[in-house]
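Q: Below is one structure. I have some questions about it.
The values are calculated or read from the model by the stated rules, or taken from the named source; none is laboratory data. In this text, all values refer to a predicted model and were calculated from it rather than measured experimentally. Counting neighbours? That spans all protein chains shown, and the Cβs are built from the backbone with ideal geometry, glycine included.
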Amino acid sequence: MKPENLSPLHPQPKQLPESPLRVVQVSDCHLYANPGRSLAGLNTLATFDSVLDLVKAEFNDADLILATGDLVHDASPLGYNRMCDRFENMNLPVYCLPGNHDVPDVMRQHLNRSSVKIQEAVRRGNWIIIMLDSTVPGREGGHLNAGQLEILERNLDRNPDCHALVCLHHHPLPIGSAWLDRMALDNPTSFFQIIDRSPQVRAIIWGHIHQAYEGVRRHIRLLGAPSTCIQFTPQLDQFSLDQLPPGLRWLELEHDGSINTGIHRLSSMPMKLDMSIAGY
């Protein structure tokens, strides 16, 4: 008689889902050479430290940190060295790009150590993270020069099997605030021509706007991040400070190309915000 319903001697192991790549984005830290300096009443070093403590407490399983510009307000070697010391204490790889308050050459000299890097791309698993420099010396707005566009295109072309996360400082599309949109990327057409012929791009993330932002363009996620210090009020045409506390964006980059993401902030404003300032 032929036996029925017998289990195989060597059952196949269950396929476990791939773990996502866990990323923390910090941005617009605005440190100074003088650790006592404040911006709109907030000591930027203290708020930066508090956000890093938040990373340690709530995101201790993160795989890497992305720092997306305006890292040191006065672009001072002391500011970059102080930031680098703190990043190295996180025991995570940290990848940095400059913002309009940074000086890229100074940043490369002082914010480039064993676990803290400034490089054009990072490949982790089946994801490629591309880090672009959208800064223009002496200007608040952004531009991607021919070299940066070539970096974008080359890394996408060389990694067609990877999902892609593209990072820069300046927002590439208007966000509905006239004063910030005057400081956006000034050549988005050239940027999106490359993006649009690269089907593996899953998301574009940036700093600069000091606020959470989420949008979609042709199935690509568009994501702006809060600052680790002061926040700007969304959807206003004139400069205005928001009273939300400092924060970060977290991302889970899934093996299938999908993305889970959100904003996490300090539980309260750590200091009294000076609402009287008209700019920064």
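Q: Taking segment 206-220 as the region of interest, how many residues are over 12 Å from the mean Cα position of the chain (by Cα) and either of a type in the set (Gly, Ala, Ser) or farther than 30 Å from Ala40 by Cβ (or both)?
A: The qualifying residues number 6.
Q: A further question follows. Could you count how many residues in segment 176-205 are assigned to a strand (DSSP E or B), over 23 Å from Leu71 (Cβ atoms) and among the small types (Gly, Ala, Ser)? Steps first, please.
A: Pass one, segment 176-205, residues assigned to a strand (DSSP E or B): 185, 201-205.
Those left that are additionally over 23 Å from Leu71 (Cβ atoms): 201-202.
Next cut, among the small types (Gly, Ala, Ser) only: none.
Here the count works out to 0.
Here's the yes/no breakdown for (1) part of a loop (DSSP other than H, G, I, E, B); (2) basic (Lys, Arg); (3) more than 28 Å from Asp196 (Cα to Cα):
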residue: Ala62; (1), (2), (3): yes, no, yes
residue: Asp70; (1), (2), (3): yes, no, no
residue: Leu78; (1), (2), (3): no, no, yes
residue: Arg82; (1), (2), (3): no, yes, yes
residue: Phe87; (1), (2), (3): no, no, yes
residue: Asn112; (1), (2), (3): yes, no, yes
residue: Glu150; (1), (2), (3): no, no, no
residue: Arg154; (1), (2), (3): no, yes, no
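Q: Moving to a separate point now. Does any residue in segment 200-214 that is over 17 Å from Thr135 (Cα atoms) and among the hydroxyl-bearing types (Ser, Thr, Tyr) come within less than 7 Å, Cβ to Cβ, of a residue that is in a loop (DSSP other than H, G, I, E, B) and modelled with pLDDT under 95 six or more places away or on a different chain, and which pairs are these?
A: Final answer for the pair search is none.
Q: Just a yes or no: is a residue in segment 222-245 aromatic (Phe, Trp, Tyr) and over 12 Å from the mean Cα position of the chain (by Cα)? Steps first, please.
A: The first filter runs over segment 222-245 and keeps only residues aromatic (Phe, Trp, Tyr), leaving 232, 239.
Filter once more, keeping what is over 12 Å from the mean Cα position of the chain (by Cα): 232, 239.
There is at least one residue in segment 222-245 that is aromatic (Phe, Trp, Tyr) and over 12 Å from the mean Cα position of the chain (by Cα).
Q: Here is a further query. Go through segment 37-60 and give me each residue that's within 21 Å of Ile230 (Cα to Cα) and assigned to a loop (DSSP other than H, G, I, E, B).
A: Answer for segment 37-60, where residues must be within 21 Å of Ile230 (Cα to Cα) and assigned to a loop (DSSP other than H, G, I, E, B): Arg37, Ala40, Gly41.
Q: Is there a residue being charged (D, E, K, R), part of a helix (DSSP H, G or I), more than 16 Å from the chain's Cα centre (by Cα) and surrounded by fewer than 16 Cβ atoms within 10 Å (Cβ to Cβ) anywhere in segment 125-145?
A: Of all residues in segment 125-145, those charged (D, E, K, R) come to 133, 139-140.
Restricting the remaining residues to those that are part of a helix (DSSP H, G or I) gives none.
No: segment 125-145 contains no residue that is charged (D, E, K, R), part of a helix (DSSP H, G or I), more than 16 Å from the chain's Cα centre (by Cα) and surrounded by fewer than 16 Cβ atoms within 10 Å (Cβ to Cβ).
Q: Looking for something free of Cβ contacts under 8 Å to residues at least 60 places away in the same chain, touching a strand residue (DSSP E or B) at 6+ places or on another chain (Cβ under 6 Å) and closer than 22 Å to Ile263 by Cβ - is there at least one such residue anywhere in segment 150-170?
A: Yes, segment 150-170 has at least one match.
Q: If you don't mind, another one. Among the residues of segment 48-61, is there at least one that is modelled with pLDDT of 95 or more and in contact with a Ser or Thr (Cβ under 7 Å, 6 or more places away or on another chain)?
A: Checking segment 48-61: at least one residue is modelled with pLDDT of 95 or more and in contact with a Ser or Thr (Cβ under 7 Å, 6 or more places away or on another chain).
Q: Go through segment 96-124 and give me each residue that's surrounded by fewer than 17 Cβ atoms within 10 Å (Cβ to Cβ), in contact with a strand residue (DSSP E or B) (Cβ under 7 Å, 6 or more places away or on another chain) and either at pLDDT below 95 or of a type in the set (S, T, N, Q) (or both).
A: Those that are surrounded by fewer than 17 Cβ atoms within 10 Å (Cβ to Cβ), in contact with a strand residue (DSSP E or B) (Cβ under 7 Å, 6 or more places away or on another chain) and either at pLDDT below 95 or of a type in the set (S, T, N, Q) (or both): Ser115, Gln119.
Q: Out of the residues in segment 191-205 that are within 17 Å of Gly142 (Cβ to Cβ) and crowded, with 17+ Cβ neighbours inside 10 Å, which is nearest to the chain's Cα centre (by Cα)? If you could, list the steps in order and put the result at the bottom.
A: First, the residues of segment 191-205 that are within 17 Å of Gly142 (Cβ to Cβ): 191-195, 204-205.
Pick out the ones that are also crowded, with 17+ Cβ neighbours inside 10 Å and you get 191-192, 194-195, 204-205.
Details: Phe191: 18, Phe192: 19, Ile194: 20, Ile195: 18, Ile204: 9, Ile205: 6 Å.
Among those residues, the one meeting the criterion is Ile205.
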